[in-house]
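The values are calculated or read from the model by the stated rules, or taken from the named source; none is laboratory data. Bear in mind the structure is a predicted one, so any value in this text is a computation, not a measurement. In this analysis, Cβ positions are derived from the backbone assuming ideal geometry, glycine residues included, and neighbour counts consider all displayed protein chains. Note: accessible area is taken over every heavy atom of the protein model, side chains too, but ligands, DNA and RNA are not part of it. Shrake-Rupley method; radii C 1.70, N 1.55, O 1.52, S 1.80 Å.
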Amino acid sequence: MGESATSTNGAERTVPKIASVIAMLPLAFGAGTAASADTDVDRRGSTIHVRATIEADASIDLCYAVLTDFDRLADFIPGMVSSRIVSAPGEPLRLRQVGRSQFAFSEYTFDVTLAVDLDAPREITFRSVAGNLQRMQGRWLVAGDSAHCTIDYLAEIEPGFWVPPLIGPLLMRNQVSRQIEGLESEIARRSAEQ
């Protein structure tokens, strides 16, 4: 999983509580395609592997700030019902996210609490500690400078409920595409305001 620094300082956690660790957010729920994103989803056994890369014309600090705006992720990540920090200041960062995804005639609800480690402004790692996912772990990697950033999302997700073998990767690809679209739009919106 690599090395990351854990921030337990409450002030650091709330300085721009960055958005979309969706998903960490593997909770990008819905359908769609992000034009500037490269997304790959495959299933190996019961585990779904997700990889997505996006390029943004925004500073690395802004990109990281959007990713860590945890309490606002549901405002711009399609399908995310809620996202909030549930740990007290000074404690290790815990993030609870709930999302819904529809695919054909099926609806899936994801409810996960993540242990999150921040290494600003370069990396966010996460792993599930509670919820209806058997296992979820991954990272967001951010690289760039004051004018451009590249964001890589890597995750391994093992649902704690039955998902039809052919539908699982399609569902996740749709979710990740929508999540990335929401993330890209929010980065562009905030960049335009600067």
For region 55-194, what does the accessible surface come to per residue with a 1.4 Å probe? Please give it in Å².
44
Within the accessible area of region 60-181 (1.4 Å probe), percent carbon and sulfur
51
Computed ³J(HN,Hα) along region 50-59: with the Karplus parameters 6.51/-1.76/1.60, θ = phi - 60°, integer Hz and x for glycine or proline, the list is 10, 9, 9, 10, 10, 10, 9, 8, 7, 5
Below 11 angstrom from the Cβ of Thr47, what's the summed charge of the other residues (Lys, Arg +1; Asp, Glu -1)?
0
Karplus-derived 3J(HN,Hα), 6.51/-1.76/1.60, for each residue of region 133-145, Hz, glycine and proline x
9, 4, 7, 8, 8, x, 7, 10, 10, 10, 9, x, 9
Apply the Karplus parameterisation 6.51 cos²θ - 1.76 cosθ + 1.60, with θ equal to phi minus 60°, to every residue of region 77-87 and state each ³J(HN,Hα) to the nearest whole Hz, in sequence, with x for glycine and proline.
9, x, x, 7, 7, 7, 8, 8, 6, 10, 8
Selection from Met80, Ser191, Phe105 lying farthest towards where the dipole of region 58-194 points positive, charges on Cβ:
Phe105
